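Student: Mind looking over this structure? Questions follow.
We did not get these values from a lab; they are worked out from the coordinates using the rules stated. The model shown is predicted, which means the values in this text are computed figures rather than measured ones.
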Amino acid sequence: MNIFTKWKWMLPGLFFVQLMACSKHDEKPAYGAPAVTFSSTEYKVKIGTTGTLTAQVGNAVNPVFAWKLDGKIISHDLTCPFDGSQVGEYFVTFRVDAQNGSMEQQVKVTVVDKLPPQINMPTNLIAFLGQDNSIPAIVSYAAGAKYVWRLNGTIVSTDSIYVTHPTVQGSNTLTLQVTNSDGSDLKLFGLGFIPPPPPELYFDDGHYRLAGDVSTKRGSIPLGKSLVLAPVVSHIPSPALFQWTVNGVAQSSTSVYLTYTPAAKGTALITVTAAGVTASVNVECVDAEGTFFRAPSTGSKYIANNAFEFIPAPGQFTAYGPYSSASDALQDFQNGMTPNNTQWITSLGAYGGYVITGFDHSVSDLAGKPDIGINGNQFPQWSEPGIVWVSQDENGNGLPDDTWYELKGSETGNSATNERYAITYYKPSAPGQDVLWVDNLGGKGSVDYNQYHSQPYYFPMFINANSYTLVGTGLKSTMVIGDLETSAGYAWGYVDNVGDGTTPTTFRIEDAIRADGTPANLKYIDFVKVHTGMTGKGAAVGEISTETGAPFDLNLNK
């Protein structure tokens with residue numbers, strides 16, 4: 001599979017270039033000019049009625065607004081009433097003037113004799129087994145409209161909201177027809193019936209998770225250091241109280257975090273309970289940091305030389321069918337990185353898809369400078385940011401089974417960034433189907449099958465279960481969908497993010513943080529994990545999927 005086929009998306013007119021301010025690692029980005037978006041760039045108004053135009057303005061200091069039609073100001077607010085007195089096309093200009101700059105954009109308004117309804121809903125829907133699921137019709141121009149819902153060809157509702165109580169898991173076809181006095185609209189949906197996710201707490205060990213896994217995970221911490229623990233909270237509405245124990249002894253912390261500082265080597269059983277749900281982890285206190293440090297030698301490789309695990313999320317570049325195995329996927333990544341090829345990259349699939357690699361030596365943290373580099377294939381106005389995690393071989397066994405630390409980026413601590421964000425992907429029941437997903441916050445969606453990549457399944461079929469869960473840090477999507485599909489990156493700290501793809505993104509080990517965002521203060525690392533950090537999709541480009549190569553040691557000469 002040649003990931004560079006992704007470049008075929010750069011069709012003339014599909015992307016536009018926007019000048020972006022470059023931000024160094026330790027600098028704040030410039031404040032910039034105001035940003036303007038609209039609920040729609042083309043409005044329709046029926047003759048004899050009044051429509052409302054709406055603008056959203058961000059990043060504006062003391063702004064003043066103006067809507068103009070034929071050079072005349074018709075509103076000074078963020079909303080603008082438009083009187084549909086005469087059939088025709090009109091172009092209205094919205095302008096914002098602020099202390100930090102000005103911005104002007106135009107919207108089109110069409111006044112029509114008739115205005116039939118327009119259904120504005122995603123093409124894939126999810127309903128949970130054994131409970132009532134309300135699916136509301138989201139329709140523009142729906143005044144006085146009538147509704148007809150059909151499930152697999154049978155009428156099931158004539159209300160604006162369809163309520164279903166499924167009992168059998170599977171994929172279904174749902175149609176909605178909406179009719180008013182001016183006409184009708186008809187749309188077809190895929191409707192998946194899946195089991196409802198249970199309320200859960202669990203500790204993420206850096207690997208994918210299967211449903212119902214209640215095993216006690218393993219963590220580690222070198223003697224003399226502290227470990228911050230925090231569970232993944234799934235489908236438990238904002239628990240206010242967490243109860244922690246260490247070897248059965250209650251702890252004072254009642255937050256989602258527990259700081260554990262062992263006094264001696266050994267293993268402690270740590271539990272956390274919230275809303276009646278409990279998770280547990282065995283934390284081993286091992287030898288002091290540096291005990292298993294592996295200094296580079298003359299023959300040490302510049303690039304990571306060992307792929308330990310490659311688990312892609314579903315996606316158009318994920319092509320592992322029913323007879324594939326996890327070792328097939330791993331070997332594909334290993335084959336790409338073995339020749340010390342820093343330019344080779346592969347797709348990790350949708351959110352959470354990951355690869356774990358390791359060096360044949362320990363990579364030291366040299367304060368104030370980048371320590372590792374990783375290539376992606378970003379280009380102007382198209383980024384698919386991936387999160388980077390690092391780990392030491394704390395127990396000296398040569399395996400990545402120790403504590404993982406995220407390398408912070410520009411969005412760390414942002415309220416729109418979700419730490420311990422988890423998505424569960426459901427295996428399709430037949431070839432050519434979209435992959436449905438739910439997240440641990442109650443969100444739902446799909447990775448859509450498209451016309452450009454025709455392998456039967458976008459789901460990695462070597463996963464021997466009906467679903468699997470991927471956990472990491474979730475970044476807010478920057479994707480803009482329309483005639484132009486773009487995905488702007490973030491200031492710094494992510495793979496496949498910002499730039500033209502000709503130079504690697506660099507990272508500093510000193511940016512490693514613990515679960516609560518405090519510095520991990522690592523002296524070196526042995527393993528690196530990269531996972532797709534965004535959830536998003538477009539009609540032309542498909543799902544957001546980080547492309548990554550193997551990491552390389554910037555402190556070691558090639």
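Student: So if I average 1/r over every pair of distinct C-alpha atoms in the chain and take the inverse, what Kirkwood radius in Å does that give?
Tutor: Values: mean 1/r = 0.0384 Å⁻¹.
Computed over the chain, the radius equals 26.1 Å.
Student: Ok, one more. Would you kindly derive the ³J(HN,Hα) couplings of the stretch 404-411 from the backbone phi angles with the Karplus curve 6.51 cos²θ - 1.76 cosθ + 1.60 (θ = phi - 60°), listing them in order in whole Hz, with x for Gly and Pro?
Tutor: Once θ is set to phi - 60°, the couplings for the stretch 404-411 become 9, 10, 6, 8, 5, x, 5, 9 Hz.
Student: Kirkwood Rh over alpha-carbon pairs of the stretch 31-112, then Stokes-Einstein at 10 °C and 1.306 mPa s: what D in µm² s⁻¹, rounded to an integer? The partial results should precede the final answer.
Tutor: Working: Rh = 13.0 Å.
In µm²/s, the coefficient is 122.
Student: Per residue of the chain, what 222 nm ellipticity follows from adding -39500 (n - 2.57) for every DSSP H run with n ≥ 4, rounded to the nearest 500?
Tutor: Rounded to the nearest 500, it is -500 deg cm²/dmol.
Student: Right, something else. Got the relative contact order for the stretch 118-194 handy, in percent, Cα pairs under 8 Å and 6 or more residues apart? All intermediate terms of the calculation are to be shown ahead of the outcome.
Tutor: Numbers: 175 pairs, mean separation 29.7, N = 77.
Relative contact order of the stretch 118-194: 39 percent.
Student: To continue, here is another question. Subtract the Cα-Cα distance of Asp213 and Ile73 from 0.36 nm times their separation in residues, and report this length gain in nm to one decimal.
Tutor: Working: separation 140, 0.36 × 140 = 50.40 nm, distance 6.20 nm.
Stretched fully, the Asp213-Ile73 segment lengthens by 44.2 nm.
Student: Could you give each residue of the stretch 257-268 its phi-based ³J(HN,Hα) in whole Hz, using Karplus coefficients 6.51, -1.76, 1.60 with θ = phi - 60°, and x for Gly or Pro?
Tutor: Each residue of the stretch 257-268 in turn: 10, 10, 9, 10, 10, x, 8, 8, 5, x, 10, 10 Hz.
Student: Given the C-alpha centroids of the stretch 476-530 and the stretch 402-466, what is the distance between them in whole angstrom?
Tutor: 18 Å
Student: How large is ³J(HN,Hα) for each residue in the stretch 139-147, as worked out from phi by the Karplus curve 6.51 cos²θ - 1.76 cosθ + 1.60 (θ = phi - 60°), to whole Hz, x for Gly and Pro?
Tutor: 9, 8, 6, 9, 4, x, 7, 10, 10
Student: Sticking with this one: How compact and how long is the stretch 300-357, expressed as Rg and Dmax of its alpha-carbon atoms in Å?
Tutor: 11.6, 38
Student: Pairing the Cα long axis of helix 326-337 with the longest principal axis of the chain, what angle in degrees results, from 0 to 90 and rounded to the nearest 10?
Tutor: The angle comes out at about 80 degrees.
Student: Can you list residues whose amide H is under 5 Å from Asn306's amide H, if they're 5+ apart or on another chain and H is modeled 1.01 Å from N?
Tutor: Under 5 Å from the amide H of Asn306 lie the amide H atoms of Gly358, each far enough along the sequence or on another chain.
Student: With all distinct Cα pairs included, what does the Kirkwood hydrodynamic radius of the stretch 306-553 come out to in Å, to one decimal, could you say? If you can, show how the numbers build up before the last one.
Tutor: Details: mean 1/r = 0.0550 Å⁻¹.
Kirkwood hydrodynamic radius for the stretch 306-553: 18.2 Å.
Student: Using all alpha carbons of the stretch 69-189, what is the percent of pairwise distances in each 5 Å bin, ordered from the shortest bin to the longest?
Tutor: Values per bin, smallest distances first: 2, 9, 15, 15, 12, 10, 10, 9, 8, 6, 3, 1.
Student: Hey, could you get me the Stokes-Einstein D for the stretch 118-194, Kirkwood radius over alpha-carbon pairs, 10 °C and 1.306 mPa s, rounded to whole µm² s⁻¹?
Tutor: Working: Rh = 12.7 Å.
My calculation gives 125 µm²/s for D.
Student: OK, next. What percent of all Cα-Cα pairs in the stretch 296-408 falls in each 5 Å bin, counting up from 0?
Tutor: 2, 9, 17, 23, 22, 15, 7, 3, 1, 0
Student: How large is the Rg to Rh ratio of the stretch 200-286 when both quantities use alpha carbon positions and Rh follows Kirkwood?
Tutor: Details: Rg = 12.7 Å, Rh = 13.3 Å.
Checking Rg against Rh, the ratio lands at 0.95.
Student: In percent, what relative contact order does the stretch 200-286 have, based on Cα pairs under 8 Å that are 6 or more apart in sequence?
Tutor: On the way: 173 pairs, mean separation 33.6, N = 87.
Value for the stretch 200-286: 39 percent.
Student: Determine by what factor the alpha-carbon radius of gyration of the stretch 223-350 differs from 2.2 N^0.38 Å, reporting the quotient.
Tutor: On the way: Rg = 20.9 Å, N = 128, 2.2 N^0.38 = 13.9 Å.
Compared with the compact-globule rule of thumb, the stretch 223-350 sits at 1.50.
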